[in-house]
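Only one structure is covered here, and it is reproduced in the block below.
The values are calculated or read from the model by the stated rules, or taken from the named source; none is laboratory data. Please read all numbers here as calculations on a predicted model, not as lab measurements. Glycine also receives a Cβ, built like all others from the backbone with ideal geometry; neighbour counts cover every protein chain displayed. Remember, those area values only see protein heavy atoms, side chains included, never the ligands or the DNA or RNA. Shrake-Rupley method; radii C 1.70, N 1.55, O 1.52, S 1.80 Å.
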Amino acid sequence: MKKLKKRYIALLVLFLVVAGGYIFRNSLAVLAFDLFLSDKVEAKLEQESYKPLDNEGVTVKPEPVVYKSDPFSVMLLGTDQRAEEPARSDTMIFAVVRPEDYKLLLISIPRDTYTEIIGHKDNKKDKITHAYAFGGQKMAKDTLEALLDNEIQYYATINFQGLKDAVDAIGGLPLPIQKDIVNKGKDHEKFSIEGGKSNYNGEESLNYTRYREDSDFNRTKRQQVFIDVFANKMLSISQIGKIPELLDIMGKNFTTDMQPSMIISLAKKFMTGKDMDISSFTVMGESERINGIYYDIPDEEDLTEARKLIDNWMNAATPANQLIEPGKAENALKPSATPAAQ
């Protein structure tokens, strides 16, 4: 009888250990990250990815930021440089991160948007994608700040070629592609993506963000979906052990002026907290031919709405339940509600 009782106690203890490990698995995973990976990751980011912007020819590293709790803004640039082409920002997004609310706002600007390129030929107007080609992150940042009339605190640039390998390393992505996508224009790279699959590899995911034969605006929305899906996959517990490998893959394909300590603290918070809620908005426009070249003239109402969204989300005093959500149904996009995504 005593032996049987001991077995029951042992089974109960085992159950509690297993159940506790499951319930607190996020915290345990982060603890393991702190013990075995954190220093290596911070050193790798410092060595290869941390690139403060020049300010009038002077690069000054700010004081270390251990944790950022207030809302902050980030310019996200996705570059799609090919060997035979100059680098351009294929993706340009003004992001507002609210760490305490687990919320992220993405304001996307289509690459052909016609606007003043700040610092280039007396701020001559051109496609916004050319700002990065003319003056790198600094000119892209100045141009985006002027367009949306809001300050950008940080930048992060990712080369899509490195991102392709990163997607493969995490086992692909469950992109919402319902119908086949075929890029067949005579002046475009030829590729096709089969619709209806549960998972897509790096090459397919990259092509999903590149496809633009329907419209540049739909392409921008697909890039928003990609970021959402990729971020959620990266923040899953199963990916923690792959972080050093992913940093090796990304290497110099990822640069930012967010300090490594800040990135690590934010990542740990998001891994142990609730799911990140992402809201998206695209500044639409009308296609117009100027001097034989097609540009997208941004819609003034959309620009006004984008600025209001940023002001509202950047205000630390705004409660989470009073954050303004993008008001136009065609611009608000979340993967769970995405239509054919083609």
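Is it the case that some residue within region 182-198 is outside any helix (DSSP H, G or I), closer than 25 Å to Ser49 by Cβ and more than 15 Å from the chain's Cα centre (by Cα)?
The answer is no, given that none of the residues of region 182-198 is outside any helix (DSSP H, G or I), closer than 25 Å to Ser49 by Cβ and more than 15 Å from the chain's Cα centre (by Cα).
Which numbered condition trips up Arg212, out of (1) at pLDDT 80 or above; (2) basic (Lys, Arg); (3) touching a helix residue (DSSP H, G or I) at 6+ places or on another chain (Cβ under 6 Å)?
Unmet for Arg212, out of (1) at pLDDT 80 or above; (2) basic (Lys, Arg); (3) touching a helix residue (DSSP H, G or I) at 6+ places or on another chain (Cβ under 6 Å): (1).
Pairs please, first residue from region 303-316 and farther than 20 Å from Asp70 by Cα, second anywhere and open to solvent by 30 Å² or more (accessible area, probe 1.4 Å) and outside any helix (DSSP H, G or I), Cβ atoms under 8 Å, 6+ apart in sequence or on different chains.
These pairs meet every condition: Glu305/Gly327; Glu305/Lys328.
Suppose we keep only residues that are open to solvent by 20 Å² or more (accessible area, probe 1.4 Å) and charged (D, E, K, R) within region 103-117. Which one would you say is nearest to Ala231 (Cα to Cα)?
Lys103
Looking only at region 267-287, count every residue that is more than 17 Å from Asp228 (Cβ to Cβ), β-branched (Val, Ile, Thr) and within 18 Å of the chain's Cα centre (by Cα) and tell me the total.
Total meeting the criteria: 1.
Which residue, of Ala146, Ala140, is under 30 Å from Asp302 (Cβ atoms) and open to solvent by less than 30 Å² (accessible area, probe 1.4 Å)?
Ala140
As an exercise: evaluate Asp142 against (1) under 30 Å from Gln259 (Cα atoms); (2) without any contact (Cβ under 8 Å) to a residue 60 or more places away in the chain; (3) of a type in the set (D, E, K, R); (4) in a loop (DSSP other than H, G, I, E, B) and give the number of the one condition it does not meet.
For Asp142, the exception is condition (4).
Please find, within region 114-152, the residue that is farthest from Arg210 (Cα to Cα) out of those that are of a type in the set (S, T, N, Q) and at pLDDT 95 or above.
For region 114-152, the residue satisfying everything is Asn150.
For region 118-127, check the following and say yes or no: at least one residue is open to solvent by less than 20 Å² (accessible area, probe 1.4 Å) and among the aliphatic types (A, V, I, L, M).
no
Return a yes/no flag: does region 230-249 have any residue that is in contact with a Phe, Trp or Tyr (Cβ under 7 Å, 6 or more places away or on another chain) and surrounded by fewer than 20 Cβ atoms within 10 Å (Cβ to Cβ).
So far as region 230-249 goes, yes, one or more of its residues are in contact with a Phe, Trp or Tyr (Cβ under 7 Å, 6 or more places away or on another chain) and surrounded by fewer than 20 Cβ atoms within 10 Å (Cβ to Cβ).
Yes or no, residue by residue, for (1) farther than 22 Å from Ile324 by Cβ; (2) modelled with pLDDT of 75 or more:
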position: Tyr50; (1), (2): yes, yes
position: Glu56; (1), (2): yes, no
position: Pro86; (1), (2): yes, no
position: Ala95; (1), (2): no, yes
